[in-house]
Amino acid sequence: MQVVRMKAERRTALGRNRVAQLRAEGWLPAVVYGDGKEPVSIAISEWEIEQHIKAHHRIFQLEIAGTPQAAFLQAVTWANTTDHPTHVDFKRIDLTKPIEVEVAVALLGNPVGVSKGGALMKDHVQILIRCLPTAIPDAIEHDVSKLELDQHVSASDLKLPAGVTLVAPATTVICHVAKIVVAEAAPAAAEAAPAAGDKPAEKAGDKPAEKADKK
């Protein structure tokens, strides 16, 4: 995975008003933590981090007040009403040491079991691996086109790139093809029989003609 450079400024004012002012100026509050050191509050360009997120960049060389710091994009907090980030967490890393990270599993092809009345169910499409930060794959691809009904793909079936080892349990189910069961509609309830002693309702025209008055 590519290591991208990004400048950051130390952030000393942490109040709500100051954070609102930062955002109004196009900056985004963030924090760098880990490696047994104290967390450092920083400010980064909101536009720049949005571009990196869209490009799926996760490994950064932050320039904090002129000092480089390798960091992993650990988490992004998003606004509830917009598609803009509100805060970013970075974790300190050493580019020469392996880290554990979750990566996406890309399922390729259309399972043959789908054409036989099944549906592809995605159970765990994020899998935990271990590798050097620069060796993190964008995704782990797996062909599911030969998957039949009631068959599944386990983590042990994935072909990992060189230098990448599996951390998740080998038995973790990535996906499976389940048979679609169509439930039959319940038959309409029969009309309730009239209770004993009840007289059936008279229909129009069923009323007997009145006898003629005797003279």
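Taken as a whole, the condition of being in the same structural domain as A168 (by TED's automatic domain parsing), closer than 17 Å to M1 by Cβ and not aliphatic (A, V, I, L, M) does not apply to P111.
H87 fulfils the conditions (1) more than 22 Å from D35 (Cα to Cα); (2) in contact with a Ser or Thr (Cβ under 7 Å, 6 or more places away or on another chain) except for a single criterion, (1). Among the residues of the range 7-52, those identified as farther than 14 Å from F90 by Cα and among the basic types (K, R) are R11, R16, R18, R23.
Across the range 85-101, the qualifying residues are those that are of a type outside the set (V, I, T) and surrounded by 12 or more Cβ atoms within 10 Å (Cβ to Cβ), and the one among them that is farthest from W27 (Cα to Cα) is P98. Which members of the range 142-178 meet the condition of being touching a Lys or Arg at 6+ places or on another chain (Cβ under 8 Å), surrounded by fewer than 16 Cβ atoms within 10 Å (Cβ to Cβ) and closer than 21 Å to M121 by Cβ? Within the range 142-178, E148, D150 meet the criteria.
The strands (runs of 3 or more DSSP E) found wholly in the range 119-177 and carrying at least 3 residues that are under 30 Å from D94 (Cα atoms) occupy 126-131, 139-143.
The values are calculated or read from the model by the stated rules, or taken from the named source; none is laboratory data. Note that the structure is predicted; figures quoted are calculated from it, not measured. Glycine gets a Cβ as well: all are built from the backbone with ideal geometry, and neighbour counts include every protein chain shown.
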